[in-house]
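> The structure under discussion is supplied below as C-alpha cells; questions concerning it will follow.
The values are calculated or read from the model by the stated rules, or taken from the named source; none is laboratory data. These numbers were taken from a predicted model, which means no experiment stands behind them. Quick reminder, even Gly has a Cβ in these numbers, built from the backbone with ideal geometry, and neighbours come from all protein chains shown. Keep in mind that these areas ignore ligands, DNA and RNA; they rest on the heavy atoms of the full protein, side chains included. Shrake-Rupley method; radii C 1.70, N 1.55, O 1.52, S 1.80 Å.
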Amino acid sequence: AQEDAPSAGIVLKGMMESLNLEDVRAEKLAERLDFYASAGLNTYFYAPVDDVARTAKGWKFLYSDREKQNLHALMQLCKDRNMEFVWTVDPGNDYKWDESDYNFLKNKLVIMYHEGVRSFALAFSGADAAHDRMGQLKNRLDEDFVSQRREPVSLLVMQDMCVVDYPSVSADPRRLLQGIDIDEKVKEMAERTNSVICN
C-alpha cells in the first residue's frame, strides 16, 4: 500500500487469496485461517479470481443474497481469529477513469460498507493504472468515501504493496507457503511500508 497506509504503526502481514470462489467458501476457509493466524498473519485479503462482483467481469454488479451470506460468514471467521477482512476490488482495464466509473466505484464501496466491510483494497491489474492515477483515485476516495463513514474505514492501494507469490500446490494450508527467494527490492519494500502480503 502507499507508505502511510498502515495506520497507528500497525504492521500489516496478510494473505491475499486469489483462488477460485469454491476454495474460499466459509466452510472450506476456517482451517486455512487457523493456519494463517498461527503463522502470525493479521490480515486476510479476499480476492477470488472468479468473483465477478469484484473483477473487470462485473465489478458494477451486486452480490446475490447467497454470496452476501458467504461474505458475512468469512468476515466472522476472520473476526473470530483477530484477522482483518479486506475486500479487494480489481476493475482492471474496464475502469474508464471518468466520473461515471468513479461514482460506480465509490457507490460499490459504500454498498460493501453497509454489508459490514471496514477494510478495502484497490488492486487494479489493468495497464492503464498508472501510479499517479492510482494516487489521485485513493486521495479522492479518502475524501469522498473513507472520511464520510461513521465507523473507521481503511483503504489500501495494492500497486505499491509488497506482494510475495508463494508457490503452492493446493488450497490445503499444510501445503501452502512452500518458500521463496525474497530479493532485495522486496525486502526494501517490506521495510519501507512495514508490511508484506503473501499471494
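> Looking at 73, 37, 47, 56, which one is at pLDDT 85 or above and touching a Ser or Thr at 6+ places or on another chain (Cβ under 6 Å)?
On the way: 73 fails: touching a Ser or Thr at 6+ places or on another chain (Cβ under 6 Å); 37 fails: touching a Ser or Thr at 6+ places or on another chain (Cβ under 6 Å); 56 fails: touching a Ser or Thr at 6+ places or on another chain (Cβ under 6 Å).
The unique qualifying residue is 47.
> Of all strands (runs of 3 or more DSSP E) completely enclosed by the stretch 28-128, which ones contain at least 3 residues that are basic (Lys, Arg) and surrounded by 14 or more Cβ atoms within 10 Å (Cβ to Cβ)? Outline the logic, then answer.
On the way: elements: 43-46, 84-89, 119-122.
Counting at least 3 such residues, we get no strands (runs of 3 or more DSSP E) at all.
> Still on this structure, I have one more. In contact with a helix residue (DSSP H, G or I) (Cβ under 9 Å, 6 or more places away or on another chain) and under 17 Å from residue 28 (Cα atoms): does that describe residue 71?
Details: in contact with a helix residue (DSSP H, G or I) (Cβ under 9 Å, 6 or more places away or on another chain): yes; under 17 Å from residue 28 (Cα atoms): yes.
Judged against the criteria, residue 71 is a match.
> Moving on. Determine which member of the set 166, 113 is of a type in the set (Phe, Trp, Tyr) and modelled with pLDDT of 65 or more.
Numbers: 166 fails: modelled with pLDDT of 65 or more.
Of 166, 113, the one residue that is of a type in the set (Phe, Trp, Tyr) and modelled with pLDDT of 65 or more is 113.
> Hey, another quick one. List pairs: first residue in the stretch 134-157 and in contact (Cβ under 8 Å) with a residue 24 or more places away in the chain and over 17 Å from residue 104 (Cβ atoms), second residue outside any helix (DSSP H, G or I) and open to solvent by 90 Å² or more (accessible area, probe 1.4 Å) anywhere in the structure, Cβ distance under 6 angstrom, at least six positions apart or on different chains.
Correct list of pairs: empty, since none qualify.
> A follow-up question, please. Consider residue 138 carefully, then state whether it is farther than 18 Å from residue 61 by Cα and either surrounded by 19 or more Cβ atoms within 10 Å (Cβ to Cβ) or charged (D, E, K, R) (or both). I'd like the intermediate steps shown before the answer.
On the way: farther than 18 Å from residue 61 by Cα: yes; either surrounded by 19 or more Cβ atoms within 10 Å (Cβ to Cβ) or charged (D, E, K, R) (or both): yes.
Yes; evaluated as a whole, the condition is true for this residue.
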